[in-house]
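Data block below; observations after.
The values are calculated or read from the model by the stated rules, or taken from the named source; none is laboratory data. Just so it is clear, the model here is predicted, and its values are computed rather than measured. Cβ coordinates were reconstructed from backbone atoms using ideal geometry, including for glycine residues, and neighbour counts include every protein chain displayed. When the accessible area is computed, the model is the full protein with side chains, heavy atoms only, and any ligands, DNA or RNA have been set aside. Shrake-Rupley method; radii C 1.70, N 1.55, O 1.52, S 1.80 Å.
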Amino acid sequence: MKVKMLSRNPDNYVRETKLDLQRVPRNYDPTLHPFEVPREYVRALNATKLERVFAKPFLASLDGHRDGVNCLAKHPKSLATVLSGACDGEVRIWNLTKRKCIRTIQAHEGFVRGICTRFCGTSFFTVGDDKTVKQWKMDGPGYGEEEEPLHTILGKTVYTGIDHHWKEAVFATCGQQVDIWDEQRTSPICSMTWGFDSISSVKFNPIETFLLGSCASDRNIVLYDMRQATPLKKVILDMRTNTICWNPMEAFIFTAANEDYNLYTFDMRALDTPVMVHMDHVSAVLDVDYSPTGKEFVSASFDKSIRIFPVDKSRSREVYHTKRMQHVICVKWTSDSKYIMCGSDEMNIRLWKANASEKLGVLTSREKAAKDYNQKLKEKFQHHPHIKRIARHRHLPKSIYSQIQEQRIMKEARRRKEVNRLKHSKPGSVSIVPEKKKHIVAVVK
């Protein structure tokens, strides 16, 4: 004869110590929880509101430069070390944990136009208005030693930018042409040019390390392959591109910061149409840098703000500004993907959080679980109008806000004009140009 018995294991509901949390048995049958969705919605709404309450992205301001900050560089091996070059020829090395300048070098006469670190982190290179390329040791001089560069190359023209190869002892400079240099030689290995205007920036691809891209003041973005001595192809846009940045996770993708207030993400295999047009700035975009994850990038603009864009979205998810910050000239995303640095006209380098409401420091396991749960709730209800409105709302300075309204009116007028032209012309005589193709003039191979 079978006897049915109720058995309860005390391990399932009895605490081991007084400090443990009470274990609560839970039945996940949805019929027993008819108000689960309304309850989750309220939690998602509260999580979204709290995220905006705790959004305090500004961390620190590094001051010490006596002129506008013109360029920034990250140390490849040390998260705490940052290099900056100013418009008076001064280069400073900063320690981010102490938030102090640890070394100052008077590197050039006139502007420091570009700065980059060697891939091993032992030295760095600077170019300036005095037509020189200088290599410096990363460590300061010993006791009693003079602050001298390791090597100095005197060029024929002013160099406007520099970038180092990611794996080899090779670097590239740009000015009237793109020069590829070996570190041991005083003359370039090869010089590449296409067109006659000055080139403003040059960048090596971090994955396909032989590829490099440059942008010139005749509105071109030119791609080169170091293994052959001629350029690959170029795309001509409506207005000038200030700089480009390669995606560190996808070999063929790069983003260009343009004078027409937009950023364009291109796939180098199909340059005739950008993958995405990123629109939110209200003045020329001066610099762009990718997050190490390759999912987002940060842009610096002449409109005194920096914006963070997801790669696949045309609108920014975040905008940072302060009352004191003037035109932002350079921006960098740190290698741990947590912080953003920007250098601006009024001689300051500012440090920001990449996620405005993120809690810094060590999180307990319960804090992590709550954070992940809130994140999932926000994702689940992100398209609900009330939550969407709270999550999207940002306070903007009056100048930016009024310019956005003005541009919206202008855009609507252009759209209305196109619709009217289409309506009153012979069918097929007026072609509709999509937004992505409007700004591309030509692709030359």
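Heavy-atom accessible area of residue 353 with all protein chains present, probe 1.4 Å, nearest 10 Å²?
20 Å²
Expressed as an acute angle from 0 to 90° and rounded to the nearest 10, what is the orientation of the C-alpha long axis of helix 36-53 relative to the principal long axis of the chain?
So the helix axis and the longest Cα principal axis differ by about 40 degrees.
As I understand it, the value is the acute angle between the Cα axis of helix 398-423 and the longest principal axis of the Cα atoms of the chain; what does it come to in degrees, rounded to 10?
So the inclination is approximately 90 degrees.
Using heavy-atom solvent-accessible surface (probe 1.4 Å) with all chains present, what is the largest-first order of 422, 6?
From most accessible down to least: 6, 422.
Which order do you get for 167, 74 if you rank them by accessible area with a 1.4 Å probe, largest at the top?
167, 74
Provide, in order from the shortest bin, the percent of all Cα-Cα pairs of the stretch 175-240 in each 5 Å bin, continuing until the bin that contains the maximum pair distance.
Percent of pairs per bin, in order: 4, 18, 28, 26, 16, 6, 2, 1.
Towards the positive end of the charge dipole of the stretch 59-353, with charges on Cβ (+1 Lys, Arg; -1 Asp, Glu), say which of 73, 196, 258 has the farthest Cα.
Selected residue: 73.
Past 32 Å, Cα to Cα: identify those pairs from 56/376; 98/304; 100/380; 295/417; 74/359, in the order given.
On the way: 56/376 22 Å; 98/304 26 Å; 100/380 43 Å; 295/417 37 Å; 74/359 24 Å.
Over 32 Å apart, Cα to Cα: 100/380; 295/417.
If one takes the longest principal axis of the Cα atoms in the chain, at what angle in degrees, from 0 to 90 and to the nearest 10, does the Cα axis of helix 365-380 lie?
80 degrees
Rounded to the nearest whole Å², what accessible area per residue is found for the chain with the 1.4 Å probe? Walk me through the numbers before you get to the answer.
Numbers: 25090 Å² over 445 residues.
Accessible area per residue, the chain: 56 Å².
About its Cα centre, how strong a charge dipole does the chain have in debye, to the nearest 20, once Lys and Arg get +1 and Asp and Glu get -1 at the Cβ?
2740 debye
When the chain is treated as a GNM, springs tying every alpha-carbon pair under 10 Å, which of 350, 99, 389 comes out with the largest mean-square fluctuation?
389
Which of 53, 14, 178 moves the most in a Gaussian network model of the chain with Cα springs under 10 Å?
Maximum fluctuation in the GNM of the chain, among the listed residues, is at 14.
Treating only the Cα positions of the stretch 1-128 as identical point scatterers, give the base-10 log of I(q)/I(0) from the Debye formula at each q in 0.12, 0.13, 0.22 Å⁻¹.
-0.70, -0.73, -1.22
At a 1.4 Å probe, what is the % contribution of carbon and sulfur to the accessible area of the chain?
The nonpolar share, carbon plus sulfur, comes to 54 percent.
What accessible surface, in Å², does a 1.4 Å probe find on residue 193, ignoring ligands, DNA and RNA and rounding to the nearest 10?
Result for residue 193: roughly 80 Å² accessible.
Would you list 8, 219, 26 from the most to the least accessible area, probe 1.4 Å? Write out the running numbers ahead of the final one.
Details: 8 180, 219 90, 26 120 Å².
Ranking 8, 219, 26 by accessible area, largest first, yields 8, 26, 219.
Roughly speaking, what % of Cα-Cα pairs in the chain are separated by over 29 Å, rounded to a whole number?
55 percent
Let me see the P(r) profile for the stretch 215-366: every Cα-Cα distance counted, bins of 10 Å, each bin given as a percent of all pairs.
Pair shares across the bins are 11, 39, 33, 13, 3, 1.
At q = 0.13, 0.22 Å⁻¹, what log₁₀ I(q)/I(0) does the stretch 289-412 have when each alpha carbon counts as one equal point scatterer in the Debye sum?
Calculated log10 I(q)/I(0) at the listed q: -0.66, -1.42.
If one computes P(r) from the Cα atoms of the stretch 380-445, what percent of pairs lie at distances over 17 Å?
In whole percent, the share of Cα-Cα pairs in the stretch 380-445 beyond 17 Å is 69.
Out of every Cα-Cα pair in the stretch 192-280, what percent are more than 15 Å apart?
Tail of P(r) above 15 Å: 55 percent of Cα pairs.
Given the options 385, 434, 34, state which has the largest fluctuation in a GNM of the chain using a 10 Å cut-off (strictly under) for Cα springs.
Looking only at 385, 434, 34, the largest GNM fluctuation is found for 34.
At 222 nm, what helix-only mean residue ellipticity would the chain give, in deg cm²/dmol to the nearest 500, using -39500 (n - 2.57) for each DSSP H run of four or more?
Dividing the helical sum by the residues of the chain leaves -5500 deg cm²/dmol.
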